[in-house]
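Every number here is computed from the coordinates shown, using simple stated rules; none is lab data. Keep in mind that this is a model prediction, so the values were computed, not measured. For neighbour counting, all protein chains shown are included, and Cβ atoms are generated from backbone atoms with ideal geometry for every residue, glycine included.
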Amino acid sequence: MKKAIFQSISIVFLLFAHPLVGFAETTDVVFKAMQDEIARSMKNLKLNGHEGPYFISYRVTEYDTARFAAASGAITDNTDTHWRNLRVDVREGNYHLDSSGFNMRPTAALSALSGSVGGAITIDNDYDAIRNALWLHTDTAYKTAIKNFEAKKNFLEQNNIQERPDDFSQEVATVSVEKPTKEEDCTHWRSITKSLSAIFRQYPAIQRSTATFTTNKVTNWLVNSEGTKVRQSENQYSLIVMASLQADNGMQLADNRLFCSNSLSDLAKEEEIKHAIKDMIDNLIALKSAPLAKEYRGPILLEGQASAEFVNELLRYNFGHAQEILSSSENSSSSKRNPLKNLLGQSIMPSFLSIVDDPLSEKFHGRPIIGGYKIDEEGVPAQKIVLVDKGVLKTFCTSRTPTLYTKQSNGHAIGNIGEASILYVNSDNQLSAKELKEKLIDLGKKAGLKQVMIAKRLSTYDSAIFNPSSLAAEIRANASNSSSNSLFVRSPLLLYSVSVDDGHEELVRGALFSAISIDKLRDIVCTGNDAKPYFTLAIDPGELAYYHLVCPSLLFSEIELHEPDKETDKLPILPSPLAEK
């Protein structure tokens with residue numbers, strides 16, 4: 001589920017010893033089917049002498065999506081889809097030790113989430129059809145949970161593993177039933193999308209381009225055996241414009257501009273979008289003839305989107321604390337070790353920096369923020385948390401899966417793991433844009449350099465659709481220079497070489513980051529006073545999601561850059577037919 005802003009929501013905590021207060025019953029067929037099947041399964045579902053599940057949850061997500069896509073002023077996609085997805089989590093055992101977190105088959109990702117299974121179900125509000133799907137998926141999930149539970153107990157006994165956290169935290173049940181959002185008429189965006197895509201016809205150098213508008217009404221139902229009952233609904237609107245071209249040596253260059261909101265009134269206006277597209281085209285054409293970047297080691301200023309993207313790729317997933325999967329296989333494909341895992345309570349960045357995660361955010365300086373939510377995917381109310389306080393790592397974004405460092409959920413569960421939402425990078429050492437550049441040049445002079453670097457934009461995973469060869473080159477470069485604690489960060493797209501003598505800036509292309517580690521955060525010298533919200537991408541379980549990340553420009557004392565990859569693609573044999581016009 002894509003994280004979102006859930007508005008006008010009423011949360012009522014259902015305490016086990018108290019009656020439900022202030023909750024209006026609903027005739028929602030999905031709710032009724034879910035509650036009835038959970039009640040039956042908790043009472044009667046047993047196999048081979050086992051006690052039966054101690055916990056069951058059902059989550060249904062409904063998507064009602066319309067998409068308009070266009071290229072070169074012509075519609076390429078005009079589709080409507082409507083579907084529902086079911087996730088069933090069945091746990092055998094108890095809160096201390098249950099069937100979750102054991103992977104008997106390295107490729108069976110779902111088995112690592114206890115008896116979690118799922119799939120598409122009917123979009124009709126048909127009680128019997130929904131009950132039937134819930135019954136079958138619950139049966140499969142329970143059988144999987146029993147197998148995992150027995151294998152896990154044997155594994156723990158054979159390996160004498162004793163010091164380990166509980167498998168599931170006990171949380172107060174949440175009841176919140178939100179009215180479905182009203183859909184807005186988006187038909188006029190078909191002609192707008194088509195018109196925006198036609199802009200690229202004026203630029204024959206652009207080889208590929210597309211504009212895609214998507215509206216998505218998302219409704220979530222969550223019911224579990226503890227009494228949690230949640231329905232949340234929101235509308236999502238997005239426009240993404242992408243373009244690519246080739247430099248004279250065949251190097252692929254691609255970029256994109258993204259606009260997202262939870263209401264049409266908050267989406268960027270057409271003139272603003274046109275201006276952003278023109279800026280993107282100008283940058284790509286300038287890159288086409290820009291000189292190749294050279295090897296570099298020294299101070300770098302990351303401005304705007306570049307600083308936000310850098311923080312996103314370095315920290316977003318590491319602020320989440322996923323369950324470490326036990327496995328009976330030597331070839332277990334468990335997730336890469338979190339470099340922050342053993343740094344809780346320690347300094348990870350300068351003392352003038354703090355980072356807050358606030359899924360409850362709705363606006364920043366009057367501008368709407370996306371990516372927030374009131375209740376997470378496990379039914380736990382979201383919390384604003386301080387992840388880093390004056391440079392010291394204080395906590396992680398947690399789900400209901402405890403770790404040795406975190407015992408309870410702080411309302412950040414996405415797909416059974418803890419994950420960051422809207423991040424705010426706050427600084428007590430801010431400089432103006434002019435002062436930042438002066439500081440950058442001063443650092444370069446002290447290091448005996450003739451040139452220093454400013455990165456104003458990093459490549460994005462969205463643009464990799466049009467530029468897969470560049471992403472492949474970055475992965476190869478990272479692999480050849482990586483160490484056990486290195487992290488992959490996308491390359492600078494708009495990179496400027498700055499003369500330390502006169503401050504003149506020259507655009508260069510093709511530079512690749514050397515392997516970056518978490519320790520690089522310690523090299524931040526100061527920040528700008530220009531904190532703004534930027535769209536960043538997160539690859540959530542099963543889908544992509546966009547979040548705002550609020551970040552100022554960041555000045556690093558030293559970052560290493562490599563020369564461009566030698567492998568490039570061949571140019572088209574003939575020029576674009578648009579050039580003939």
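Within 14 Å, Cβ to Cβ, of residue 285, how many net charges do the neighbouring residues add up to if Lys/Arg are +1 and Asp/Glu are -1?
-1
What net charge do the residues around residue 66 carry, taking every other residue with its C-beta under 13 Å from that of residue 66, with Lys and Arg at +1 and Asp and Glu at -1?
-3
Do the sum for the chain: with -39,500 (n - 2.57) for every DSSP H run of n ≥ 4, divided by all residues, what is the mean residue ellipticity at 222 nm, to the nearest 500 deg cm²/dmol?
Rounded to the nearest 500, it is -7000 deg cm²/dmol.
Using just the Cα positions, wrap region 166-257 in a convex hull and report its mean projected area in square nanometres, one decimal place.
Dividing the Cα hull surface by four gives the mean projection, 10.9 nm².
Ranked highest first by average number of other Cβ atoms within 10 Å, how do 42-52, 279-289 line up?
Top to bottom by mean Cβ count within 10 Å: 279-289, 42-52.
Beyond a 21 Å Cα-Cα separation, which of these cross-linked pairs lie in this structure: 217/374; 288/456; 445/532; 32/182; 229/407; 341/456?
445/532; 32/182; 229/407; 341/456
Listed highest first by mean packing, meaning other Cβ atoms within 10 Å per residue, what order do 574-581, 68-75, 267-274 come in?
The packing order, highest mean first, is 68-75, 267-274, 574-581.
Which ³J(HN,Hα) values, rounded to whole Hz and listed in residue order, are derived for region 348-363 from phi using the Karplus coefficients 6.51, -1.76 and 1.60 in 6.51 cos²θ - 1.76 cosθ + 1.60 with θ = phi - 60°, glycine and proline given as x?
10, 7, x, 5, 7, 10, 9, 10, 10, 10, 9, x, 8, 4, 10, 8
Using the Kirkwood formula on the Cα atoms of region 99-256, what hydrodynamic radius do you get, in angstrom to one decimal?
It works out to 21.3 Å.
Among 227-235, 176-184, how do they line up from the highest to the lowest mean number of other beta-carbon atoms within 10 Å?
Top of the packing list down: 227-235, 176-184.
At q = 0.06, 0.09 Å⁻¹, what log₁₀ I(q)/I(0) does a Debye calculation on the Cα points of the chain give, no solvent, two decimals?
Log10 of I(q)/I(0), two decimals: -0.34, -0.77.
Could you tell me the center-to-center distance, by alpha carbons, between region 497-558 and region 383-404 in angstrom?
For region 497-558 versus region 383-404, the Cα centre distance is 23 Å.
What are the extents of the Cα atoms of region 113-197 along their three principal axes, listed from largest to smallest and rounded to whole Å?
Result for region 113-197: principal-axis Cα extents of 65, 37, 30 Å.
Would you order 326, 360 from fewest to most other beta-carbon atoms within 10 Å of each residue's own beta-carbon?
The fewest-first ordering by Cβ neighbours comes to 360, 326.
Within a Cβ distance under 15 Å of residue 210, other residues only, what is the Lys/Arg minus Asp/Glu net charge?
That works out to +3.
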